[in-house]
Amino acid sequence: MQKMILIKYGELTTKKDNINLFLRTLQQNISKKLEQYNPQITYDKGRMFIKASEEKFTKIIEDLQEVFGIHEIIICYELNTIDLEQIENELLNILNNKSFQTFKVETKRSNKKINQTSIEISSKIGSFILKNKENCKVDVHTPEICIHLELRNTKSYIYFESIKGLGGYPVGTLGKGILMLSGGIDSPVAGFMTMKRGVKIEAVYFESPPHTSTEAKNKVISLAKILNKYNLDLKLHVIHFTEIQEAIYKEIPHEYLITIMRRMMYRITERIAKKANAKILINGESIGQVASQTLTSMRAINEVVQLPVIRPLACFDKLEIIELSKKIKTYDTSILPFEDCCTIFVPDHPIINPDPKLCEQYENLIPYEEMISTAINKHEIIKINNKEKNDYEDIL
């Protein structure tokens, strides 16, 4: 009998012909996440099994709770038998170390060569426990302990509790996207939600020194580090946006500042995406939240790119987004008071229904194609590594 960790897939089981891609990617993601523990990982279409030093289980489970594609995480006992008498004796040894008065047995029999049904097996084992364990009784509704038994090909598995995983699809199974990552509350949550659907992300951050500070940049790096827990080896593309932003402020009517600025950001992000072989752009826009997020504004801004723009939070209200940001632990960093380039030149009365033709007319007042090319050619790529400490962590 060996103690190990069992993974249940959940939504992945709905996949058919391509399920092996999803399971293989999940195994690779888990292996990379747990590489410091030197685990042994095997899987079939029903379960994944992780063997490692038992003293490391607590930390391993914490890390597994940051891996998309896992429905449940379970500490279980593996028995090299499907013989019920042997299972009963091993189970009794386990139960002798547990204190309880009520219990029930649930059996899952994937090995259909076993003649007895799952209900019959549960009843048989329940009777055995009642005969051999004093002062206990069956309670099928609210038992103190639920004994789960899974009978597979040549092995059986006993466990009692499960820990909820993140669900979704393994990161990387659905391609790559580029996240427009600001220092605010919304965009990190949008990145998290997109990763949950199996999309690996890289991120783009627009800095505008001296109007934005080093602290603002380090804040975004800290947010990227949080997202990197779910999306290992995240790349952060830092775009120097000062010249473009100052030109917009100087030459373009101020009610159109935000609209034109966002159009420039979309153009740059799409070009970064194409170089990175990404299929989509991602941002944290929520319908109606600010002037640039009205439907008319979204349409006027969106028209400058061809790649699809994914807005996971489009129909969330601000309180729902805040709740999610607290859940994924980005909120405390997002609310730190360092302004990004989206907030430093906000006009008093930004237009909420911009005219696309006027957008094109105003953009032609500046040499934006040349400026965009310069910004992309000179941009900085930061490879996020959670093992390294940055100076900003002392402020957090």
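Okay, here's what the table says:
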quantity: Those strands (runs of 3 or more DSSP E) lying entirely in region 77-181 with at least 2 residues over 30 Å from HIS237 (Cβ atoms) and touching a residue at least 60 places away in the same chain (Cβ under 8 Å); calculated: 145-151, 156-159
quantity: Filter result (farther than 21 Å from LYS155 by Cα, modelled with pLDDT of 95 or more and charged (D, E, K, R)) within region 1-31; calculated: ARG24
quantity: Scope region 308-327; condition closer than 19 Å to THR259 by Cβ and either touching a Ser or Thr at 6+ places or on another chain (Cβ under 6 Å) or of a type outside the set (D, E, K, R) (or both); matching residues; calculated: VAL309, ALA314
quantity: Residue list for region 183-204, restricted to those being touching a helix residue (DSSP H, G or I) at 6+ places or on another chain (Cβ under 7 Å) and not in a strand (DSSP E or B); calculated: GLY183, GLY184, ILE185, ASP186, PRO188, VAL189, GLY191, PHE192
quantity: Within region 189-208, considering residues that are out of contact with any Pro (no Cβ under 7 Å at 6 or more places or on another chain) and over 21 Å from MET264 (Cα atoms), the one surrounded by the fewest Cβ atoms within 10 Å (Cβ to Cβ); calculated: ARG197
quantity: Test: residue in region 257-273 that is in contact (Cβ under 8 Å) with a residue 12 or more places away in the chain and not in a helix (DSSP H, G or I); calculated: no
quantity: The one condition in (1) under 38 Å from the mean Cα position of the chain (by Cα); (2) surrounded by 17 or more Cβ atoms within 10 Å (Cβ to Cβ); (3) not polar (S, T, N, Q) that GLU161 fails to fulfil; calculated: (2)
quantity: Qualifying residue in region 330-338 (condition: surrounded by fewer than 18 Cβ atoms within 10 Å (Cβ to Cβ) and at pLDDT 95 or above); calculated: yes
quantity: Some residue of region 361-378 being under 30 Å from ASN231 (Cα atoms), at pLDDT below 95 and part of a loop (DSSP other than H, G, I, E, B); calculated: yes
quantity: Strands (runs of 3 or more DSSP E) contained entirely in region 1-63, each with at least 1 residues that are in contact with a His (Cβ under 6 Å, 6 or more places away or on another chain); calculated: 2-8
quantity: Residue that is nearest to TYR230 (Cα to Cα) [pool: residues in region 180-198 that are β-branched (Val, Ile, Thr) and either touching a Ser or Thr at 6+ places or on another chain (Cβ under 6 Å) or not assigned by TED's automatic domain parsing to the domain that holds SER334 (or both)]; calculated: VAL189
quantity: Flag for THR154 being modelled with pLDDT under 95 and over 25 Å from ILE335 (Cβ atoms); calculated: yes
quantity: Hits in region 205-222 (condition: of a type in the set (Ser, Thr, Tyr) and in a strand (DSSP E or B)); calculated: TYR205
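The values are calculated or read from the model by the stated rules, or taken from the named source; none is laboratory data. This is a predicted model, so every value here is computed, not measured. Cβ: placed from backbone, ideal geometry, glycine included. Neighbour counts: every protein chain shown.
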